[in-house]
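Encoded as structure tokens, the structure appears first; notes follow it.
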Ligand code: SF4
């Protein structure tokens, strides 16, 4: 059967979801075409000949973009069956259904996708059975050189992407992983991860991003992988996402992480206000974050924090407090500017909707935007959030530095208040980063 797998956006990575699905479907003898619309146009001919078109929806932006792509596919081939898979598929199953998607699969999607393609299941499915993972088949995906690259010390490296685990054992209230995995995570066998890495190195990768929601949900597994990888490819660097709580609990592993090639750790810090962190049930405090910064620094690991700076509880002074904290901790160069301009996203199924104070500010679900709209009690904070996002977007287009953008955000929010004492425009350190600046 001809199956077209479509990715619309995957944070600048070669889409893992397509590669993994392709491996399962090709093993069953299906004729699979992979289309990554982030780098190529929709393959019209393949779509016209497809019996099934399946969209990978790992995140909010990808899902919004997919709705447009679905409309194009329906024009080209009204008879094709439409399937959606990935984290955001079951969360938005009803809306996708209105657009002609008959099956929405979340969680451990591969086996269920195969069943759906072959017509044995349909509807909204969250699959959490343990899978016998296959090595992702990346053969028909665009070359790694078409994707986001790692920049380190004036050098740019081709970057690959894999996942050593999926889901998460935590239940943070604002997180889209939680409504699907509900506190469960699944490890991918070392042999499968290593073969995926081996093939990407053969295709030119000199850096690997581990896209696990949290690399230290299973620290022994994570360390086995990076030690094996480093033995086989001593020059290969990597990055991973690890929550503050795990950085503290597994502090003894941080030097080994660095020793095995870790260049930076992304950590979803979200806020420096303990009351907001408590509402998110993040499992860390401001003091924990500060400690994690020092632990990473003493292990020579770069920490790249991410934030949700605009929430229903953020006042102007709280926003300035976040900027001040970043200056004090010398993290301005480590923080992607968009992280200082994001407004809390309330997707369908968000656990934050359990809170009465969130319900009180929500104005309704906006189906095309795939989120619950909310309004800050102080309208000036919504204006500030909008202005901050426009400012970051404009300055990034002009290639402003992170420090220039930080200064502009400070001036936007603080009006005449002087910049933090230790702020200056000259970067202190060359911070490694991937050149995909957006995040959601
Ligand atoms: S630790 Fe990260 S991935 Fe896990 S629930 Fe919290 S925010 Fe989500």
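The values are calculated or read from the model by the stated rules, or taken from the named source; none is laboratory data. All values reported here derive from a predicted model rather than from experimental measurement. Cβ placement follows ideal geometry from the backbone for every residue including glycine, while neighbour counts extend to all protein chains displayed.
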Condition (residue is away from the ligand (no atom under 11 Å from the Cβ), buried (at least 19 other Cβ atoms within 10 Å of the Cβ), under 19 Å from the mean Cα position of the chain (by Cα) and under 25 Å from residue 226 (Cα atoms)) applied to the range 124-135: is it met by at least one residue?
no
Do we have any residue at all in the range 152-168 that's near the ligand (Cβ under 9 Å from one of its atoms), surrounded by fewer than 20 Cβ atoms within 10 Å (Cβ to Cβ), in a loop (DSSP other than H, G, I, E, B) and without any contact (Cβ under 8 Å) to a residue 60 or more places away in the chain?
no
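Quick one: which of 25, 96, 45, 75 is part of a helix (DSSP H, G or I), within 30 Å of residue 188 (Cα to Cα) and free of Cβ contacts under 8 Å to residues at least 40 places away in the same chain?
Details: 25 fails: free of Cβ contacts under 8 Å to residues at least 40 places away in the same chain; 45 fails: within 30 Å of residue 188 (Cα to Cα); 75 fails: within 30 Å of residue 188 (Cα to Cα).
Result: 96 is the single residue among 25, 96, 45, 75 that is part of a helix (DSSP H, G or I), within 30 Å of residue 188 (Cα to Cα) and free of Cβ contacts under 8 Å to residues at least 40 places away in the same chain.
Residue-wise test of (1) over 15 Å from the mean Cα position of the chain (by Cα); (2) more than 16 Å from the ligand (Cβ to nearest atom); (3) in a helix (DSSP H, G or I); (4) in the same structural domain as residue 60 (by TED's automatic domain parsing).
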| site | (1), (2), (3), (4) |
| --- | --- |
| 191 | yes, yes, yes, no |
| 196 | yes, yes, yes, no |
| 222 | yes, no, yes, no |
| 228 | yes, yes, yes, no |
| 231 | yes, yes, yes, no |
| 269 | no, no, no, no |
Verdict on residue 256 being farther than 19 Å from residue 156 by Cβ, within 12 Å of the ligand (Cβ to nearest atom) and in the same structural domain as residue 152 (by TED's automatic domain parsing):
no
Checked the range 236-253 for anything away from the ligand (no atom under 15 Å from the Cβ), part of a strand (DSSP E or B) and touching a helix residue (DSSP H, G or I) at 6+ places or on another chain (Cβ under 8 Å); matches are 238
Would you point out which residue out of 209, 285 is away from the ligand (no atom under 12 Å from the Cβ), over 25 Å from residue 352 (Cα atoms) and in the same structural domain as residue 382 (by TED's automatic domain parsing)?
209
Identify, from the list 376, 372, 399, the residue that is buried (at least 18 other Cβ atoms within 10 Å of the Cβ) and in a loop (DSSP other than H, G, I, E, B).
376
Select from the range 136-150 the residues that are farther than 19 Å from residue 432 by Cα and either touching a strand residue (DSSP E or B) at 6+ places or on another chain (Cβ under 7 Å) or buried (at least 23 other Cβ atoms within 10 Å of the Cβ) (or both) and write down the one among them that is modelled with the lowest pLDDT.
140
Residue in the range 124-151 that is nearest to residue 20 (Cα to Cα), counting only those that are assigned to a strand (DSSP E or B) and in contact with a helix residue (DSSP H, G or I) (Cβ under 8 Å, 6 or more places away or on another chain):
127
With (1) outside any loop (DSSP other than H, G, I, E, B); (2) closer than 27 Å to residue 397 by Cβ as the list, and residue 332 as the residue in question, which single condition is left unmet?
(1)
Of the residues in the range 173-187, how many are surrounded by fewer than 20 Cβ atoms within 10 Å (Cβ to Cβ) and either in a helix (DSSP H, G or I) or away from the ligand (no atom under 16 Å from the Cβ) (or both)?
1
For residue 119, indicate whether it is more than 20 Å from the chain's Cα centre (by Cα) and either at positive phi or assigned to a strand (DSSP E or B) (or both).
yes
So which residues in the range 383-395 are buried (at least 16 other Cβ atoms within 10 Å of the Cβ) and either free of Cβ contacts under 8 Å to residues at least 60 places away in the same chain or more than 29 Å from residue 91 (Cα to Cα) (or both), if there are any at all?
384, 389, 391, 392, 395
